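These notes are about the structure you will find just below.
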Amino acid sequence: MGTVYSSILPQHEEFIKKQRIFFVGSAPLNEEGHVNISPKGYDVLRIFSPNEVAYLDLTGSGNETSAHLIDNGRVTFMFLAFEGPPMILRLYGRGKVILPESSEWDNMAKHFEILPGSRQIVHANIDTVKTSCGFSVPFYSYNGERDTLKQWAENKSEQDLENYWKKKNSISMDEIVTPIGKKFR
């Protein structure tokens, strides 16, 4: 079953900061909707307190997490030990999306290096932390970050990025309008 905590403990924070990748899970309330699991790389996650985290969300081919947060707010973060002792750590909570034009952006954005293609910040209040063994997670070696997304975004104008967001990031695959989509309506 694992061990359940009500907040991020110092040893959890230490573990999280060592990870080079994490996964974000979300789902719509509609039982016909799709569960989404999204991998996140780069140094984009910040821990603000034992019950508050946020990550800088970069442009992607979809925007499911954002849509699900509008739909119901539920979000799960998962971290895996690919090196050293085995462990899986999950953060469960409720999140929201902060867009660059929102009043909260400047206060949140100052905690991040704003990377090319940054589209929003996902902020979450964590109510449950769970650790489990991770005994079957294989070892993997970290060879570096891919620069493909950064290069792609650096070669786009602001208008090109907005057009892309309008086309690819405005509506989820379950037809939920995202916060980005609302600004184009």
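Every number in this text was worked out from the coordinates using simple rules, so none of it is lab data. Worth saying up front: this structure is predicted, and the values here are computed from it rather than measured. In this analysis, Cβ positions are derived from the backbone assuming ideal geometry, glycine residues included, and neighbour counts consider all displayed protein chains.
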(message) On the basis of being closer than 26 Å to Gly181 by Cβ and surrounded by fewer than 18 Cβ atoms within 10 Å (Cβ to Cβ), does Ser132 make the cut?
(response) no
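Results for (1) surrounded by 13 or more Cβ atoms within 10 Å (Cβ to Cβ); (2) under 17 Å from the mean Cα position of the chain (by Cα), shown as yes or no for each residue.
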residue	(1), (2)
Ile98	yes, yes
Asn107	no, no
Arg119	yes, yes
Ile126	yes, yes
Gln151	no, no
Ser157	no, no
Glu162	yes, no
Glu175	no, no
Pro179	yes, yes
(message) One residue is enough: does region 39-49 have a residue meeting the conditions at negative phi, polar (S, T, N, Q) and surrounded by 15 or more Cβ atoms within 10 Å (Cβ to Cβ)?
(response) no
(request) Return only the number of the condition from (1) of a type in the set (D, E, K, R); (2) in contact (Cβ under 8 Å) with a residue 12 or more places away in the chain; (3) closer than 30 Å to Gln11 by Cα; (4) not in a loop (DSSP other than H, G, I, E, B) that Asp106 does not satisfy. (result) (2)
(message) Against the conditions (1) over 15 Å from the mean Cα position of the chain (by Cα); (2) outside any loop (DSSP other than H, G, I, E, B), where does Thr76 fall short? Just the number, please.
(response) (1)
(request) Could you pull out the residue among Glu145, Glu162 that is at negative phi, acidic (Asp, Glu) and outside any helix (DSSP H, G or I)? (result) Glu145
